[in-house]
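A short write-up of the structure that comes next.
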Amino acid sequence: MRRIVPLLALIVYAAVSLYPFVWMVSGAFKDRLEILEGGHLIPRRPTLDTLADTWSRLHFFDYFLNSLQVTGLTVLGVLVVYSLAGYAFAMIEFPGRRVVFWFFVALLFVPSITVLLPLTILENKLGILGTHAGLILPFVNGTAPLAVLMLTNAFRAIPLDLHDAATADGAGEWRIFWRVYLPLARPTLITIGVLTAVPTWNEYVLTRVSLNDESRYTLPLALERLASGTVPSYNEIMAGSLILVVPVIVLFLALQRYFVNGLSGAVKN
Amino acid sequence: MAVTTDSSVAARLVREPRRTTRSRQRGRRALVGYAFIAPAVVLFLVMGLYTLVYSFGLSFAKWNGFSPSWDWVGLDNYRDLLYADPRLAPEIRGAALNTGIAMVAVSFGTVLIALPLATLLNSITRLRGTLRSIFFLPYVTAGIAVYYAWRYVLEPDGAVNLALRAVGLGSLARPQGFLADPDTALATLIVIMIWGSVPVAMLLYLAGLQAIDPAVIEAAALDGAGAVRRLRHITWPLLVPITVAIVLLGLRDTMQGFQIFLIMTNGGPAGHTDVLGLKAYQQAFFQSLSPTLGVASALGWLIFLAALLLAVVNARLLRGQR
């Protein structure tokens, strides 16, 4: 009994956690008529047509590629820009180092809604509003506090002897960074990559106020347009939702270890 | 002029011999340092600092986004939001109240579920990894797709209503759907937000519980401390800082996040789920040609100030614990 009760309680909460996903899958495998009948979980006439239709006729494949591009380039940008900055903060003495560092961390307290409007005005002036670059640049900057904190700590944790030895061999900062420190910080880089990829993949607010051109839509926006159509039909919406969540779930399951470590680390900071 | 030039040359001549190679090296290293942080700083200045300063300026003006110039109005936008505007001020007050309710309910609801969940999860060995992965799904998928799935099950004829009727709790079912019913809309969103924030909280508690040395608990048990006393004097004190962190995180995220409100109810029915972030968003992007961009910026800054206040409280609490 003492073993069964906790396990039972946990399984109940697992069901709660899975609840909307179960219905998402159920809806995605129903056809247009069956979804209107409502109610039952297991489709009576399970069909792959809804998914196939959403994927090709509703162009979700294109939107998927757009999402992949925006997310991929954001992750790349974050890793490049903030590993350089993190290395400088950790290893190189320069006047103003602490001040600049704390500026980045203070960015953590700025709510995204406060900068959302001026950001779109600025991007309009720069001519990048509505492009993928107009999404990627603010996404990269938004990750600054987390990435700078974690990478600075990661580089600091690497023994200084390595730096001294490399300097004695005549290597410059760039070589030391690229050849010695970056490879050693790999776990942190992966963690930051995952912690950036997931919210970027799901991002909706800035995307919605930026993108107009349908050919540039990412999955969240495509899903929203699908749902706000004249006759929204939940089987297609659920199929679109499934296409959106499956990649992040796969990513999460594959890199769970980094995710879990990173989150605890991020919150502690 | 000539005199000053001479003296500075002289000064340089005097200083030059003393300037060691080390200090020159330090100068070069500093340049390397600046080169390393340059991309991050440029991005920060443009995307971060510029936008903040811009919105601060705009919060003292009226502008519709198209007319060539701003009309400076001083503190009027802030006054309008807080009390002066007979239509806007009550709306903002209502939204602030809803935001406050959601902040408190989400934070405490999260602790109430996550703590027992983590304790139970820590007590088993079989299935622990699998269950933890499942519990984590709401976090990784947080966003529009899951909100649509919730909307689907909360429809008038959706799964939740049907399930309630099927188990004889039909009186709890909402014929209009949970999100269209003024009595349940906000509470429903709060439940979904708790559902979404339990994973991280559970993970933090789990990490805290696993950091407790079992030898300490064993020793206490040998000394005759019962389960309750062990919980009160050993486990709980270690979990207090984690709880504080979770509550503050919940307060912050709920105050700033309005995505779920935007997607699931857009403030409806009749303003029952209006929150501050959503109001700022609507003032900024959905007023077509009315000059509301200043008010939107002012509201953004009020939210920012509230966030800073929360951060100060956070720092105080953390210092108090150390």
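Beta carbons closer than 6 Å, at least 6 apart along the sequence or on distinct chains, pair a first residue in segment A:221-247 that is at the interface with chain B (Cβ under 10 Å from one of its Cβ atoms) with a second that is polar (S, T, N, Q) for A:L221/A:T207; A:N235/A:T50; A:G240/A:T54; A:V245/B:T141. Find the residue count for segment B:291-322, including only residues that are among the polar types (S, T, N, Q), closer than 29 Å to B:N64 by Cβ and in a helix (DSSP H, G or I). Matching residues across segment B:291-322 total 1.
Scan segment B:51-71 for residues that are modelled with pLDDT of 90 or more and either loosely packed, with under 13 Cβ neighbours inside 10 Å or not in a loop (DSSP other than H, G, I, E, B) (or both) and the total you get is 8.
So, in segment A:1-16, exactly how many residues are part of a loop (DSSP other than H, G, I, E, B) and farther than 13 Å from B:L120 by Cα?
Going through segment A:1-16 one residue at a time, the tally reaches 1.
Scanning segment B:112-130 for residues that are farther than 25 Å from B:I190 by Cβ and in a helix (DSSP H, G or I) yields B:N122, B:S123, B:R128, B:G129, B:T130.
Can you give me the ranges of the helices (runs of 4 or more DSSP H) entirely in segment A:130-217 with at least 2 residues that are within 25 Å of B:M47 (Cα to Cα)?
Here the list reads A:132-142, A:144-157, A:186-202, A:205-210.
Just a yes or no: is a residue in segment B:230-250 within 11 Å of chain A (Cβ to nearest Cβ), in a helix (DSSP H, G or I) and either of a type in the set (K, R) or within 30 Å of B:G177 (Cβ to Cβ) (or both)? Scanning segment B:230-250 turns up no residue that is within 11 Å of chain A (Cβ to nearest Cβ), in a helix (DSSP H, G or I) and either of a type in the set (K, R) or within 30 Å of B:G177 (Cβ to Cβ) (or both). For segment B:287-302, a residue qualifies if it is surrounded by fewer than 24 Cβ atoms within 10 Å (Cβ to Cβ) and within 13 Å of A:L116 (Cα to Cα), and exactly one does: B:W301.
Here A:F177 passes the criteria (1) surrounded by 23 or more Cβ atoms within 10 Å (Cβ to Cβ); (2) more than 27 Å from A:T131 (Cβ to Cβ); (3) in contact with a Leu (Cβ under 6 Å, 6 or more places away or on another chain) except the one numbered (3). Against the conditions (1) within 23 Å of the chain's Cα centre (by Cα); (2) outside any helix (DSSP H, G or I), B:G109 satisfies every one except (2).
Scanning segment B:266-286 for residues that are surrounded by fewer than 22 Cβ atoms within 10 Å (Cβ to Cβ), over 16 Å from A:P118 (Cα atoms) and not aliphatic (A, V, I, L, M) yields B:N266, B:G268, B:P269, B:G271, B:H272.
So, in segment A:17-36, of the ones that are of a type in the set (A, V, I, L, M, F, W, C), part of a helix (DSSP H, G or I) and more than 7 Å from every other protein chain (Cβ to nearest Cβ), which residue ends up surrounded by the fewest Cβ atoms within 10 Å (Cβ to Cβ)?
Looking at residues that are of a type in the set (A, V, I, L, M, F, W, C), part of a helix (DSSP H, G or I) and more than 7 Å from every other protein chain (Cβ to nearest Cβ), I get A:L33.
In segment A:1-16, the qualifying residues are those that are farther than 19 Å from B:A159 by Cβ and facing another protein chain (nearest Cβ under 7 Å), and the one that is modelled with the lowest pLDDT is A:P6.
Filtering segment A:55-93 down to residues that are hydrophobic (A, V, I, L, M, F, W, C) and not in a helix (DSSP H, G or I), which residue is modelled with the lowest pLDDT?
A:L58
For segment A:64-114, the tally of residues that are under 17 Å from A:F139 (Cα atoms), hydrophobic (A, V, I, L, M, F, W, C) and more than 7 Å from chain B (Cβ to nearest Cβ) stands at 11.
The values are calculated or read from the model by the stated rules, or taken from the named source; none is laboratory data. From a predicted model like this one, the values you see are computed outputs, not experimental measurements. Ideal geometry is used to build each Cβ from the backbone, glycine not excepted, and the neighbour counts take in all protein chains shown.
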